Each structure stands twice: as structure tokens, then as C-alpha cells.
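Notes for the one structure printed next.
The values are calculated or read from the model by the stated rules, or taken from the named source; none is laboratory data. Model, not experiment: these values are computed from the prediction. Reconstructed Cβ throughout: ideal geometry from the backbone, glycine too, with neighbour counts over all protein chains shown. Side chains are part of the model used for accessible areas, which takes the heavy atoms of the whole protein and leaves out ligands, DNA and RNA. Shrake-Rupley method; radii C 1.70, N 1.55, O 1.52, S 1.80 Å.
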Amino acid sequence: MKELFGIAALALSLGANIPYIIETIKGHVKPERISWLLWTLLGLTYYFSALFADGATLFTFGELIGPVIIFLLALKFGVGGRSRFDLISLTVALIAFALLFVVEGILIGLLLALIIDGIGAMLTIRKLLIDPSSESKWFWGIGAMSGMLAVLSLTTYNVETLLFPVYVILLSSFVFIKANPTKGKGSSQLKKL
């Protein structure tokens with residue numbers, strides 16, 4: 001049963017990218033460029049780690065595809081990446097990213113990855129609070145469900161196994177609640193990001 005929850009979590013996680021990509025192309029969603037750059041870098045790290053450690057390469061490659069496509073779309077349709085705040089955030093994230101390759105310990109590596117992910121999340125939330133219509137309700141709602149299924153798929157419950165899926169549930173739920181496709185009040189302010 002736990003394996004089925006894991007497969008369902010992966011399927012939902014992959015499937016969530018489809019509405020995000022469609023909504024981005026249609027101009028309804030405005031991806032935050034630095035966020036998606038950071039999430040792509042983390043995905044590449046996970047993929048190559050799995051590749052060299054004979055890990056779950058299909059799973060990690062599947063998890064990498066969405067962020068890569070969305071990052072490339074963000075270059076054309078997205079916002080952010082030019083402000084001083086964005087550049088300082090990117091610098092801090094890249095320092096944490098570099099530390100990933102020199103620190104030892106699973107928990108420290110996980111915390112660094114969460115810091116990088118959290119910086120991306122912070123930039124997306126900042127954009128969302130300026131314009132609630134700039135994010136996809138579908139993507140984040142499905143992401144929250146995927147995180148819940150990931151928790152149910154765990155065979156061991158400890159800090160290391162719970163930290164990321166609980167983070168995904170909290171982040172995705174917050175953005176899902178705040179995203180409002182009909183409330184586009186700050187579109188002009190997004191251009192300043």
C-alpha cells in the first residue's frame with residue numbers, strides 16, 4: 001500500500017506541471033525566474049546524485065523535467081531576476097548550493113537543500129502577494145496532495161524523511177490558499193521585480 005502512495009505522489013507531482021505550463025503559455029501564470037532556476041539546479045543535483053549512486057534515476061529525471069521546462073518558459077513569460085533583492089537571494093542560494101558539495105551528513109545536506117528551495121519559495125511568495133493571480137492554484141493544490149501522499153508512502157518516520165514532504169505540504173497549501181486567478185491587482189508591479 002505504501003508503494004502505491006509513492007507512485008501516486010510521483011504521478012501527481014509530474015502531472016501538476018502540465019496545468020502550470022499551459023497557464024504560463026496562456027499568460028495567466030508568471031513564473032518567478034530565480035525560483036525556477038533554483039528548483040532546476042536542485043533537480044539537476046538530485047538527478048546526477050541518483051545517476052552516480054545507482055539511485056532512482058527515472059523518478060529524479062521525471063521530477064527534473066517540469067522545473068526545466070518551466071524555467072525555460074520563465075525566461076520568456078516570467079518575472080523577476082533583475083532586482084537587487086532577487087540578486088542577493090540568488091547569491092545566498094548559490095553559496096548554500098556550493099556548500100551542498102562540501103558538507104557531510106544527510107541532515108545538513110537536506111537542510112541546505114531546503115534553504116535553497118526556501119529562497120525560491122520566498123521569491124515566489126513575494127510575487128504572489130503582489131499579484132495573487134500570478135500563480136497556478138492547480139499546480140500548488142496538486143503539489144500539496146502529492147506531499148500528503150509522499151508522507152503516507154514513508155516506511156520510516158523521522159526528521160530526515162518527513163522534513164521535505166511536510167515542507168512541500170505547507171508551502172503548496174499556502175500558495176494554493178493565496179493564489180486567486182480572478183484577483184490580478186498587481187500585474188504592473190510585477191514588472192518591477
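Placing a label point 7 Å from the Cα of residue 108 along the Cα-to-Cβ line, the residues of segment 157-173 whose backbone N sits under 18 Å from it are 160.
From its DSSP helices (H runs of at least four residues, each -39,500 (n - 2.57)), the chain gives a residue-normalised ellipticity at 222 nm of -26000 deg cm²/dmol. Qualifying chymotrypsin sites (Phe, Trp or Tyr not before Pro) in segment 96-193, where qualification requires a DSSP coil assignment and no more than 10 other C-beta atoms within 10 Å, comprise 101, 157. Nonpolar atom fraction for segment 1-127, defined as the carbon and sulfur part of the 1.4 Å probe accessible area, stands at 75 percent. Remark: segment 59-110 carries 60 Å² of accessible area per residue (probe radius 1.4 Å; ligands, DNA and RNA excluded).
Indicate the gyration tensor shape class of segment 73-193 (rounded, prolate or oblate), computed on the Cα atoms with a ≥ b ≥ c the square roots of the eigenvalues: a/c under 1.5 is rounded; otherwise a/b larger than b/c is prolate and the rest oblate. Oblate. Taking the Cβ of residue 20 as the centre, find all other residues whose Cβ is under 13 Å away and add up their charges (Lys, Arg: +1; Asp, Glu: -1). Result for the neighbourhood of residue 20: 0.
Ranking 95, 177 from most to least accessible surface, computed with a 1.4 Å probe over the protein chains only, gives 177, 95. Backbone amide hydrogens, once placed in the peptide plane, bring residue 32 within less than 5 Å of 79, excluding anything fewer than 5 places away on its chain. Axis of helix 84-100 versus longest Cα principal axis of the chain: the two differ by about 10°, to the nearest ten degrees. Of the cross-linked pairs 2/26; 76/183; 2/30; 2/127, those separated by over 27 Å at the C-alpha level are 2/26; 2/30; 2/127.
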